[in-house]
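I have placed the structure first, in the form of structure tokens, so that the comments after it can refer back to it.
The values are calculated or read from the model by the stated rules, or taken from the named source; none is laboratory data. Just so it is clear, the structure is predicted and the values come from calculations on it, not from any experiment. Glycine gets a Cβ as well: all are built from the backbone with ideal geometry, and neighbour counts include every protein chain shown. Note: accessible area is taken over every heavy atom of the protein model, side chains too, but ligands, DNA and RNA are not part of it. Shrake-Rupley method; radii C 1.70, N 1.55, O 1.52, S 1.80 Å.
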Amino acid sequence: MSTQEQIQEKVDVAELLNGNSEIILYNDDVNTFDHVIETLIRVCDHTSEQAEQCAMLVHYTGKCTVKTGEFKKLKSQCLQLLDAGLSAEIM
């Protein structure tokens, strides 16, 4: 294992333990703004304004962090976003 891989592995583990994970939502050509906004409100407990701002950022920049916190809690939320047809991952 290279030094770079070892360092990245230590960073990944530290982020999981310290609650520094985040859900990244990615742009797609399938989902409507309304669907994205409604899903962020339901799954991530966003206000309507926050969900709308995230949807706009995703549309114009290609991605947006929609939630940060502990990996365990984010995993469930990320799976719900994926089940709703959105493109997301935990970083």
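Here the relative contact order of region 15-75, from alpha carbon pairs under 8 Å that lie six or more residues apart, stands at 54 percent. Can you give the net charge of the other residues whose Cβ lies under 14 Å from the Cβ of L79, counting K and R as +1 and D and E as -1? Taking every other residue near L79 into account, the sum is +3.
For region 33-91, the convex hull spanned by the alpha carbon atoms encloses 72 Å³ per residue. For region 25-91, with all protein chains in place and a probe radius of 1.4 Å, 52% of the accessible heavy-atom surface sits on carbon or sulfur. Per-residue surface analysis assigns V58 an accessible area of about 10 Å², computed on protein heavy atoms at 1.4 Å probe radius. Ranking I24, I41, I90 from most to least accessible surface, computed with a 1.4 Å probe over the protein chains only, gives I41, I90, I24.
Measuring only protein heavy atoms, the 1.4 Å probe finds Y26 accessible over about 70 Å². For R42, the shell of other residues with beta-carbons less than 15 Å away shows a net charge of -4, using +1 for Lys and Arg and -1 for Asp and Glu.
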